[in-house]
Amino acid sequence: MKLVLTKKIYSKDALLIAAQVLSPKLNVYLDETKSSYEVTLEAKRKDVEAAKLQALAGEFANELLNQEYRFIVGRFNAKISSLIITQTLMAARGGETPAAPPAGESTPEFKKLVSDLVKNAEAEVARTMPKKIPHQGNPLPPVKEDAGV
Amino acid sequence: MSRLTEPAGLLEASPLKVAAHNARVLGSSVLITNDIGEHAFLSPADYERYLGGRIENGDPLAVSNAKVPGLLQKDFVRDQLDFAHLSDRTVPRHLLDWKGPNVHTVVVTLRCNFKCLYCHASVVGVERTDKDMTVETARQVVDLIFQSPSPTLMIEFQGGEPLLNWPVVKFITQYAKEKNKHHKRALHFGLISNFSLLDDEKIDFLIAHGVSFCTSLDGPKDLHDKNRIYLGGNSHESVLAGLRKVVAKKAAGAKTDTPNAICTITKHSLNRAPEIVDQLVALGLERIQFGPLDPIGFAKKSWDTIGYTSAEFVKFYSDALDYIIALNKKGVKCYEKMALIFIVRILEGGHWRFPNADGIARLAYNHDGSIYTCEEGRLLANEGDEFFKIGHSSKSAFVDLLDHPTVRASLLASSSNAQPMCFQCAYNPFCSVLPVYNQGTQGSVFGSMPDNGWCEKMMGLFDVVFTKLRDPEARKVLESWLEYKTR
């Protein structure tokens, strides 16, 4: 399926983002003339019917509009957003130079205390936990309601 | 439920009289809000008069009466804006003095002895000790947590079932308390557990170290047991036993808060709001908290059997809130957590709306030391999307986490003023955008609001709360809940 989109309305950035968002479902090929973009859409699944591809094209077009509109709104508020975020990040990281750890943490007494806590915890793990097993792969899927459990 | 947010534009606005605002038709009224978080209900005829600039100084709508500030005081009239008031209200909402991440979710194991239908935590079987956090990783995590400049630190133990890795829960608690003797922060701990392994020894240790308790209770036995399957016993009985033990210790003088129970709502819960509320109230729990399902993580895979539409959840929530308000009128002391958050924002201008808290106010640590901007970001990583991973406990310094480009991108995406629809929405001053939800459901941190389930749900919930606020009796009850806001 091919879409022809005028450059007066759509930007390349919005096209690329929309293509990225729909990439799990669609292969998107981009070409251009002087005045328009030519977008070819191809469903990733081979068995997709024409109506489904039409719906995917609609989804792509909606995403494209969403991104284009977001750019407009984002540009409108860019300065204040950037100011707020910079202020936020600087405040949350504790300024340019974060404070040094308290001196008390460098004392031999504290290091000994930490070392003892670690040893005790590791001993408790060894004593009470099931035997360690090697990596077993990814987590299990959830139980389905009809699994009769 | 209409997604349309603004009737403005249908009528011509007087440029000298009408200040920037958003509006939403709510029943027979028009709700108007502005950027500093003020709101007013107008009849359609009054809204038309307002837009036409025909509300003069002496108009009852413009001036305050004994109870309600007028449109002038709320800065809805453009040629009479009070800029000192605008500034006082705007700065705290946007330029907050962020203190650094204070909520630190530590996943001490992925192992779990439950198999909940909606589990989103990517759990593994109890024999899988390869999915436990090691003591060394725990030490690194605690060191990182204390690098945050926040004067308040909350360490939340999560899983899997965190009590399955009890030695590491104990170690983190003890080590953090020892470190805090030098750092002198306000240090808090929370345990989020199914309570099945909660014996007296553990309860005594946790209470002695100031750890608060939170569990899941989905309602009456049949409903709870259907949702939360305990492989080693009776799910409902085990959580009730744990709750009762903690409540009994508190009653006997132990210094601990009343435990909290979050009620996750599945398709099976939708028609049972009163029964669910009754179950929680009968246990002496004042806080009622509903957890809506989001199609993220494993819940996405079970969505066909337990999921629902946003409108269905909103209907449930409305029924439940009606019931809780009715109980309050009868003298029962209880409140609903989400409504409390909303009314603090609506009535007191509290809470930020932008940026959201991911990365700058909260962080999540996986069992293997991986660090994420938030717990939901960790869940997405378990599904293969590591967008929100910003470091590792073995090699990242705290400032590396905050300087990570994902944190900045996530903050930018959380700006409702950069979101189509949001910046025109009447609920914009009170709502929040969730980049992690957008990423998980729509493949982009910015998302697409017209078909965004979170947006639809939030708009519906705000409809419910604002509708209640228009009813004087319900409003009185909701205002009384503000006493719980610091709990």
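The values are calculated or read from the model by the stated rules, or taken from the named source; none is laboratory data. Everything numeric in this text was worked out from a predicted model, so none of it was measured. Note: ideal-geometry Cβ built from the backbone for every residue, glycine included; neighbour counts use all protein chains shown.
Suppose we filter B:N180, B:N260 for residues that are modelled with pLDDT of 95 or more and closer than 22 Å to B:V108 by Cα; which single one remains? Result: B:N180 is the single residue among B:N180, B:N260 that is modelled with pLDDT of 95 or more and closer than 22 Å to B:V108 by Cα. Selection over region B:272-289 of residues that are of a type in the set (G, A, S), assigned to a helix (DSSP H, G or I) and at pLDDT below 95 gives a count of 1. Scanning region B:200-233 for residues that are surrounded by 14 or more Cβ atoms within 10 Å (Cβ to Cβ) and part of a loop (DSSP other than H, G, I, E, B) yields B:H209, B:G210, B:L217, B:D218, B:G219, B:P220, B:L231. Consider B:A62 carefully, then state whether it is crowded, with 18+ Cβ neighbours inside 10 Å, more than 30 Å from B:T173 (Cβ to Cβ), more than 12 Å from chain A (Cβ to nearest Cβ) and at pLDDT below 90. Yes.
Of the strands (runs of 3 or more DSSP E) contained entirely in region A:1-120, those carrying at least 1 residues that are away from chain B (no Cβ under 11 Å), closer than 30 Å to B:S410 by Cα and among the polar types (S, T, N, Q) fall at A:26-32. Annotation for region B:184-197: no member residue is closer than 24 Å to B:D319 by Cα, of a type outside the set (K, R) and surrounded by fewer than 20 Cβ atoms within 10 Å (Cβ to Cβ).
The number of residues in region B:363-384 being within 11 Å of chain A (Cβ to nearest Cβ) and surrounded by fewer than 22 Cβ atoms within 10 Å (Cβ to Cβ) comes to 4.
Could you run through region A:33-60 and say how many residues are at pLDDT 90 or above and in contact with a helix residue (DSSP H, G or I) (Cβ under 8 Å, 6 or more places away or on another chain)? Number satisfying all stated conditions: 5.
Which one is farthest from B:T90 (Cα to Cα) among residues in region B:401-459 that are within 12 Å of another protein chain (Cβ to nearest Cβ) and among the aromatic types (F, W, Y)? By that ranking, first place goes to B:F446. Every condition in (1) facing chain A (nearest Cβ under 10 Å); (2) farther than 30 Å from B:T305 by Cα; (3) of a type in the set (A, V, I, L, M) holds for B:L153 except the one numbered (1).
Only a single item in (1) touching a residue at least 60 places away in the same chain (Cβ under 8 Å); (2) more than 13 Å from chain A (Cβ to nearest Cβ); (3) among the small types (G, A, S); (4) over 27 Å from B:H268 (Cα atoms) is not met by B:G210, and it is number (1).
For region B:428-466, taking the residues that are of a type in the set (F, W, Y) and under 16 Å from the mean Cα position of the chain (by Cα), the one that is surrounded by the most Cβ atoms within 10 Å (Cβ to Cβ) is identified as B:F430.
Restricting attention to region B:467-487, the residues that are touching a strand residue (DSSP E or B) at 6+ places or on another chain (Cβ under 6 Å) and surrounded by 17 or more Cβ atoms within 10 Å (Cβ to Cβ) total 1.
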